[in-house]
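K.L.:
For reference, the structure I am asking about is given below.
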Amino acid sequence: MKKSSFVALILGTVSGVLFALGMCMALLPEWNAFNEGIVFGAIGIVLGIVTALIWCKMENKKLPKMSGKNLFRIIYAVIAALVLGVGMCMCLVWQQIIWGTLVGLLGIIMLIALIPMVKGIK
């Protein structure tokens, strides 16, 4: 494993965990930590952006250009992640196990569909 990939793996994992923990803190009323959750989530987002910048710098690559195709991919990825999250909420918070599982599977399928969108099929 290259050094840049390892650094991106560690920083990406930390940023993802901070973001997820922040969202849990903010959205679960039982935790009573809304403000702290917003802070943790924001730190996770900033660390994720910093991770991308550090990885590009270590790989001597430029940031991807913001074309219409890339913008569509980003919007699609956000919607797919939200669908997966709604499915998880349906299962865990609203106790709708069957529908939540189906919605969660749809979100997973949408996220898997990102691979051929980005890499293409050869």
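K.L.:
Within the P(r) computed for the stretch 1-63, what percentage of the Cα pairs occupies the region above 15 Å?
P.N.:
Working: 1035 of 1953 pairs.
Cα-Cα pairs of the stretch 1-63 separated by over 15 Å account for 53 percent.
K.L.:
When all alpha-carbon pairs of the chain are counted, what percent fall beyond 25 Å? Present the calculation step by step, with values, prior to reporting the outcome.
P.N.:
Details: 2764 of 7381 pairs.
More than 25 Å apart: 37 percent of the Cα pairs in the chain.
K.L.:
Using Cα atoms only, what is the angle between the long axis of helix 97-112 and the major principal axis of the chain, expressed in degrees (0 to 90) to the nearest 10?
P.N.:
Around 10 degrees separate the two axes.
K.L.:
Distance in nm between label sites at residue 43 and residue 27, each 7 Å beyond Cα in the beta-carbon direction?
P.N.:
Reported label-point gap for residue 43 and residue 27 is 2.0 nm.
K.L.:
Another question, if that's okay. In deg cm²/dmol, rounded to 500, what helix-only [θ] at 222 nm does the chain give when every DSSP H run of at least 4 residues adds -39500 (n - 2.57) and the total is split over its residues?
P.N.:
On the way: 5 runs with 98 residues, N = 122.
Computed ellipticity for the chain at 222 nm equals -27500 deg cm²/dmol.
K.L.:
Something else now. Using the Cβ atoms and a cut-off under 14 Å, what net charge is assigned to the surroundings of residue 57, where Lys and Arg are +1 and Asp and Glu are -1?
P.N.:
Numbers: positive: 2, 3, 61, 62; negative: 59.
Taking every other residue near residue 57 into account, the sum is +3.
K.L.:
Among all the lysines, which ones have a C-alpha under 24 Å from residue 69's C-alpha, if same-chain residues fewer than 8 places away are not counted?
P.N.:
57, 61, 119, 122
K.L.:
Please give me, ordered by residue number, the chymotrypsin sites (Phe, Trp or Tyr not before Pro) of the stretch 70-122 that lie in loop per DSSP and have at most 13 other Cβ atoms within 10 Å. Let's see the in-between values first.
P.N.:
Values: sites: 72, 76, 94, 99; in loops: 94.
Passing both the DSSP loop test and the Cβ count: 94.
K.L.:
Towards the positive end of the charge dipole of the chain, with charges on Cβ (+1 Lys, Arg; -1 Asp, Glu), say which of 38, 1, 77 has the farthest Cα.
P.N.:
Of 38, 1, 77, it is 1.
K.L.:
Please list, by residue number, every one of the trypsin sites (Lys or Arg not before Pro) in the stretch 1-82 that is coil in DSSP and has at most 11 other beta-carbon atoms within 10 Å. Display every interim value, and only then the final one.
P.N.:
Values: sites: 2, 3, 57, 61, 62, 65, 69, 73; in loops: 2, 61, 62, 65.
In loop regions of the stretch 1-82 (DSSP not H, G, I, E or B), the sparsely surrounded trypsin sites (Lys or Arg not before Pro) are 2, 61, 62, 65.
Taken together, the values in this text are just the output of simple stated rules run on the coordinates, not laboratory data. Computed from a predicted model, the values in this text were never measured in an experiment. Heads up, the Cβs are rebuilt from the backbone with ideal geometry, glycines too, and the neighbour counts pull from every protein chain shown.
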